Each structure stands twice: as C-alpha cells, then as structure tokens.
Amino acid sequence: MPPAHEMNRESSLIPVSERPAEPRLAMHLRYFTLLRSNRDFRFLWMAQLVSELGDWFYSLAIYDLLLDMTGSGQAVSYAIIIQLLPWFFMTPVAGFLADRFPRRHLMIVADIVRGVVVLGLLLVRTTGEIWLVYALLGVEVIFASIFEPARSALLPNLTKPAELLPANALSSATWSFALTLGAALGGAVTALLGRDVAFVVNSVSFFASAVLLQRIRVAEHHAETSGRHPAHAPEHHSLRSVREGEEYLRQNPKILVVVLAKTGLGCVGGMLLLLAVFGERIFPITGQGALAMGLLYAACGAGAGIGPMIGDHLTRGIESRMWRSISISFFIMGASYLLFSRAPNLPLAALAVFVGHMGGSNIWVISTTLLQLNVSDRFRGRVFAVDFGLNMLVAAVSNYLVGVGLDHWGLSARELAAGLGGMLLIPALLWLPAQAKWGKELSDRVIE
C-alpha cells in the first residue's frame, strides 16, 4: 500500500491557476478547437457518438418490447434495474481492471463483446422468452461498467488540463445529442420499422466504436506502475487494489464528497421508467407510445446539452463557483420534476424535463472534471468505478421503488414523479455544508 503522504495529494494533481478569471472563449467554441487540435480525443469522441446513438435506439426498443408484451411497469423497472445495478457490484472489478491494464484495450474488448451480445435480443419473440432480455441486458451492462470508468480515467491522459472542462462538457453534450436524436429516431424506427432494426443498429455502433478506439495512441503509465508489485505479494492484486482505493478515499474526504454528487443524482434514476410510462400511458401520440416516449427522452438530451454551457458561463472556471453550482443545480432539478408531475400536456412535460436535465448534466460535468483534476492517475480508475457504481446503485433502487409503486402500491405516475422531485431536495441540502467548507478554500482557483 502506498504511503499516506502519497494518498493525501488530493489537490492540484493537475495544475490550475490561482488568479481571477480572464475573458475566455464560449464553451461551444472550445469544443471545435479541441476537436480540431487533439487527434486522439477526436477519435474518443467519435466512438462515443456512434455508440451512444445506437444505445438509445436499443433502450427505447427494449422498453417498448416489455410494455407491449407484459403491460407491466414493473417489467420495465426490472430492465432498468438490470441496466443499473451491476455497475455497483462490478465496482471493485472495474476499478481494479481500469488501474491495472491499459484502459483503451479494455474499452475495445467491452465494445466487441457488447456488439455480439445485443444481437441476441433478435431471438426474443414470445412472453416466455422475456428472461432472455434480462440475461442479455445483464451481460451487456457488465461490460459497460468496465468501459465507462476506463473512459473517464483515460480522458486526462488524452487532454491538457485546460482541455478537461470542455472535453467533459462536450462528452455530456454528445450524450445529450445522442439521446435527443437517438431517442427521437429510435422511437420513430421502433414504431415504423420494428424493434429488430433498432437492435441491429446498436450492435453495429459498438463495432464502429471499437474501430475508432483502435486508432487512439496514448501512453498509459498507470499500467506500468501497477505491474511493479512483486508476484509473491501476500495479498492478491485485486484485493490490495480495493484496499488501496478505500484508503485513498478515506484519507481524501473532499474527493469522496465529489464522488457522492453523482450518488445524489441517482435519486432521480426512477425517472427513466416514469418517462416511458408517461409516454406510453399519459401522453401517447396517435396511440403510439414510442413516439411520445422518444420526445420526452429527447427533451432530456437537449437539456443535458445546454446545461454545462450555461454552467460554464456562470462559473467561469472558478472552482468555488463550480462547487456552489452543484447545490443550485440540485434545487433546479427538484423543482423541475415537481412541475413535470403536474404537467397538463406533452409540450409542458417536455419543457420541465428539459430544465431538469440542464441541472443534472451540469452536476455530472462539474463533478467529473473536479475528480479528473484532483485524483492521481494511479487511483483514477478505482475512484471513477466507485463514482459510477454508487450512482447506479441509488438509481436502481429508485427505479425499483417506482416500479413497485406503480404495480403494487396503487400510486400514479404523477405522484411518483412528484416524490422523485422532492427526493432531490435531500442531496441539495446536504451539499450546502460541503460547498461552504471547500468553496472558501478555492475562492481564487481557476480552471483554464
């Protein structure tokens, strides 16, 4: 285990400026500069774009399939839980792999396996085969839980410190674009051409992503460092890795608090199910629930793309403002979902979802950037595995409770949406003392 002084280096691991913010390019202009000047990040971004476009075709098709075959909101909640919960249980393994082996290679293997697995959904034809949907989802998510921490941990190796914030914001904007376009097209394709087409599109997108990742050239020194431990060490590598990661977080409470920001976001994870139910049962378009569902998910994506741009304009890269914007964003999300629960029609519901995801995306981008700036490369994979794992655990619980509430507790979708909005007040209030403690220490630090 490394000495305590090494683990305690939580601040300025990537240098930041300690001067007032100067005029800076708008975030969207920095996107273009980053893509034009950084070849390796460009390939990573292209891989994300094609893969996530396919993902939203695939997810909406699965939700539509389950609602069509079973008519049960809880059946969809089980699918969403399977898309979330394995992330938590995979946390020790994913973190160990991401800090032990080349992260780019892990991502390529994960893409290839997922491309093969999703084709298995073409075999589902009857209600008796629903179990296969859940089994294939589980395998796909296991490899996704390896892919994403590796990707987040790799990003600082591909970018300069000044590029981290726009790189994370662009990744969020890409997710939002893929959600907006993928959900809208996925809903239309599922309704008009059938679910099988959506599954094939998703499979092809994984293979295309693997080809793009293969073209990245990056030095991954963490893998060299992790291989220096003697083979006869008394503890197995994976166990030692987990213990080192736990010790690192215990000795760096600020890092742990930033990790818990995404855990708070998990409270609203049940909204994934509610959006499907609102689209299918409350706001169907000409009887086609998939179309309304696609539009609501598209509103999520559009809000997620705009949120980090507004957040960057208001915070100007000043870390104390970034900490403060997290609690403000939690309050905005809570209010938005309370309004969503009372929306009388689809346009107003979509508007509320749009604003809510503006806040959620801002929290995601800022917390990710703060971790990448402050966590040592050697521990970055394990920290991001915990970051994703806790978020997915809480989101899975949220979805389970929504599913049970719909099918067994007699609660309406509107009542459950209001409950989720109220739940967001908890992380919003808990963040205030953290913001007060560390925001003051960082009053002049600027990420440029």
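From the residues in region 415-429 that are surrounded by fewer than 16 Cβ atoms within 10 Å (Cβ to Cβ) and not small (Gly, Ala, Ser), which one is farthest from Pro344 (Cα to Cα)?
Taking the candidates together, the pick is Leu429.
Is it the case that some residue within region 45-66 is surrounded by fewer than 16 Cβ atoms within 10 Å (Cβ to Cβ), among the aliphatic types (A, V, I, L, M) and either at pLDDT 80 or above or not in a loop (DSSP other than H, G, I, E, B) (or both)?
No; the residues of region 45-66 include none that is surrounded by fewer than 16 Cβ atoms within 10 Å (Cβ to Cβ), among the aliphatic types (A, V, I, L, M) and either at pLDDT 80 or above or not in a loop (DSSP other than H, G, I, E, B) (or both).
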query = Is it the case that Ala304 is at pLDDT 85 or above and assigned to a helix (DSSP H, G or I)?
reply = no
query = When region 67-101 is examined, which residues are found to be more than 19 Å from Asn391 (Cα to Cα) and either modelled with pLDDT of 90 or more or of a type in the set (Gly, Ala, Ser) (or both)?
reply = Gly71, Ser72, Gly73, Ala75
task = Scan region 202-220 and report the pairs whose first residue is farther than 22 Å from Gly120 by Cβ and whose second residue is modelled with pLDDT under 95 and among the polar types (S, T, N, Q), with Cβ atoms within less than 7 Å and a gap of 6+ or a chain change.
result = Val218/Asn157; Glu220/Asn157
remark   = Requiring at least 1 residues that are more than 27 Å from Phe41 (Cβ to Cβ) and touching an Asp or Glu at 6+ places or on another chain (Cβ under 8 Å), the helices (runs of 4 or more DSSP H) wholly within region 72-167 are 73-89, 103-117
message = Just to be sure I understand, how many residues within region 136-187 are under 20 Å from Val201 (Cα atoms) and of a type outside the set (D, E, K, R)?
response = 22
task = Would you mind finding the one in Thr225, Thr180, Thr174 that is modelled with pLDDT under 85, of a type outside the set (Asp, Glu), farther than 21 Å from Gly305 by Cα and assigned to a helix (DSSP H, G or I)?
result = Thr225
remark   = Listed by first then second residue, the pairs whose first member lies in region 80-100 and is crowded, with 22+ Cβ neighbours inside 10 Å, whose partner is among the basic types (Lys, Arg) and part of a helix (DSSP H, G or I), with beta carbons under 6 Å and at least 6 positions apart or on separate chains, are Gly95/Arg382; Asp99/Arg382
request  = Within region 108-140, work out how many residues are under 16 Å from Ser51 (Cβ atoms) and touching a Lys or Arg at 6+ places or on another chain (Cβ under 9 Å).
outcome  = 1
query = Considering only residues of region 307-318 that are of a type in the set (A, V, I, L, M) and in a helix (DSSP H, G or I), which is nearest to Pro166 (Cα to Cα)?
reply = Met309
request  = Quick one: which residue in Leu291, Leu249, Leu296 is farther than 28 Å from Ser152 by Cα, among the hydrophobic types (A, V, I, L, M, F, W, C) and either touching a helix residue (DSSP H, G or I) at 6+ places or on another chain (Cβ under 9 Å) or buried (at least 18 other Cβ atoms within 10 Å of the Cβ) (or both)?
outcome  = Leu291
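The values are calculated or read from the model by the stated rules, or taken from the named source; none is laboratory data. Since this is a predicted model, take the numbers as computed values, not measurements. Counting neighbours? That spans all protein chains shown, and the Cβs are built from the backbone with ideal geometry, glycine included.
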